[in-house]
Amino acid sequence: MSSSDLTGAVRLDQVTHRYGRGGEAVTAVGPVDLTVPAGQFLVLVGASGCGKSTLLRLIAGFERPTHGSVRVAGSEPRPGDTAGVVFQTPRLFPWRTVRGNVDLALRYAGVPRARWPERRGELLARVGLEGTEARRVWEISGGQQQRVAIARALAAENPLLLLDEPFAALDALTRERLQEDVRQVAGRTGRTTVFVTHSADEAVFLGSRIVVLTKSPGTVALDLPIPLPRGDIDAEELRGSREFAELRARVAHAVKAAASSPIPSGRTPR
């Protein structure tokens, strides 16, 4: 594999992760074997407690696996350096403006100060927040705050973006709008993306590939490519298509079956 093929690629080999020690230890996930090629939009989906967020933290480097190995672009992941991460809550600095929050991310990303205005403008335009630079966090809506969080995650020009149920706390309309934004941003930037959700609808709309996890300890129950158009296509047209409905039903069935009983890795629910 060439170095260009490794850029942004993620590989998990026989990954198992446990919390606690001795008789109190609980296996949260594994064993999991998973390879995410560079540029792919992978969605991890499953019921609450199946290990989706644990896998994301392992890929981000926030935790080390109990067994097995995690590699991003051929190396062990480094927290704050390997990937841009977006959490369920925006985690912004409320005493800073939108500009201040993005500039802080640019500073930590090592972007020269002279480039901040240009780069900040690009990032805010990418998430549809032009003209909000001077506003305080408490002056913008929850959906706008999450857009700022996405802009911060994109500030570092690393090739991997990780999102952990970033829209779960938002209303349905805002959630759909941000889903469209993330889908477009991922397509334009070409970043490898791993997105965690429990929604079959969200998974099919966003992903070019979906992995469904069994209940804890999470293992791969279904690994499904999503052959839907990823170019310029109207979101309502996509959601209203027969292909979308069939894939959503298949994923929803797989999630329900996987939550009922563990399914051996590699098997596809019928």
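The values are calculated or read from the model by the stated rules, or taken from the named source; none is laboratory data. Being a predicted model, the structure only gives us computed values, none of them experimental. FYI the Cβ positions are ideal-geometry reconstructions off the backbone, even for glycines, and counts take in every protein chain you see. Protein only, heavy atoms only, side chains kept; ligands, DNA and RNA dropped before computing areas. Shrake-Rupley method; radii C 1.70, N 1.55, O 1.52, S 1.80 Å.
What residues have an amide H closer than 5 Å to that of T192, excluding those fewer than 5 places away on the same chain, when H is modeled at 1.01 Å from N in the peptide plane?
Correct list: G39, L161.
Once amide H atoms are built 1.01 Å from N in the peptide plane, which residues 5 or more positions from I210, or in another chain, come under 5 Å H to H?
Result for I210 returns V43, L224, I226.
For segment 142-236, what does the accessible surface come to per residue with a 1.4 Å probe? Please give it in Å². Mind showing how you got there, number by number?
Numbers: 3330 Å² over 95 residues.
Per-residue value: 35 Å².
If you plug each phi of segment 72-87 into the Karplus form 6.51 cos²θ - 1.76 cosθ + 1.60 with θ = phi - 60°, what whole-Hz ³J(HN,Hα) values come out, in order, with x for Gly and Pro?
So the J values, rounded to whole Hz, are 10, 6, x, 10, 5, x, 10, x, x, 10, 6, 8, x, 10, 10, 9.
From the Cα gyration tensor of segment 25-93, with a ≥ b ≥ c the square roots of its eigenvalues, which class applies: rounded if a/c is under 1.5, or else prolate if a/b is larger than b/c, or else oblate? Intermediate values should be presented prior to the final figure.
Numbers: a/c = 1.34, a/b = 1.08, b/c = 1.24.
Judged from the Cα gyration tensor, segment 25-93 comes out rounded (a/c under 1.5).
Is there a quick way to get the dipole size of segment 1-136? I mean about its Cα centre, with the Cβ of Lys and Arg at +1 and of Asp and Glu at -1; what is the value in debye to the nearest 20?
On the way: 19 positive and 12 negative charges, 113 e Å.
Using only the charged Cβ atoms, the result is roughly 540 debye.
Apply 1/(1 + (r/R0)^6) to the Cβ-Cβ distance of E24 and S241, taking R0 = 51 Å, and write down the FRET efficiency to the nearest 0.05.
Numbers: r = 49 Å, r/R0 = 0.95.
So, using R0 = 51 Å, E works out to roughly 0.55.
In the chain, what percent of the accessible surface is made up of carbon and sulfur (1.4 Å probe, ligands and nucleic acids excluded)? Before the final figure, lay out the partial values.
On the way: 6350 of 12750 Å².
The C+S portion of the solvent-accessible surface of the chain is 50 percent.
Once the piece of chain linking S75 and R96 is laid out straight, how much longer is it, given 0.36 nm per residue of separation minus the C-alpha distance between them?
Values: separation 21, 0.36 × 21 = 7.56 nm, distance 3.45 nm.
Working it through step by step, the gained length comes to 4.1 nm.
Which whole-Hz couplings ³J(HN,Hα) result when phi for each residue of segment 135-145 is put into the Karplus expression 6.51 cos²θ - 1.76 cosθ + 1.60, θ = phi - 60°, listed in order with x for Gly and Pro?
3J(HN,Hα) across segment 135-145, in whole Hz: 7, 6, 4, 6, 8, 10, 6, x, x, 5, 4.
Given that compact globular proteins tend to follow 2.2 N^0.38 Å, what is the ratio of the alpha-carbon Rg of the chain to that value? It would help to have the intermediate numbers written out before the result.
Values: Rg = 18.5 Å, N = 270, 2.2 N^0.38 = 18.5 Å.
That ratio works out to 1.00.
Which of these, G207, G100, G30, has the largest mean-square fluctuation under a Gaussian network model of the chain (Cα springs below 10 Å)?
Highest fluctuation of the listed residues: G100.
Using the Karplus curve 6.51 cos²θ - 1.76 cosθ + 1.60 with θ = phi - 60°, work out ³J(HN,Hα) for each residue of segment 198-209 in order, rounded to whole Hz, and write x for Gly and Pro.
10, 9, 5, 4, 5, 4, 5, 5, 8, x, 8, 7
Any chance you could check the Cα centroid distance between segment 88-116 and segment 147-192 for me, in angstrom?
Value for the Cα centre distance between the two parts: 16 Å.
Taking only the alpha carbons of segment 166-261, what extent do you get along each of the three principal axes, in Å, biggest first?
If we take the Cα atoms of segment 166-261, the spans are 38, 27, 27 Å.
So what is the calculated 222 nm ellipticity per residue for the chain, using -39500 (n - 2.57) for each DSSP H run with n of 4 or more, over all residues, to the nearest 500 deg cm²/dmol?
Details: 9 runs with 98 residues, N = 270.
Calculated mean residue ellipticity at 222 nm is -11000 deg cm²/dmol.
Sequence-distant or interchain residues sharing an amide H contact under 5 Å with A9, placed H: which?
A38, A73
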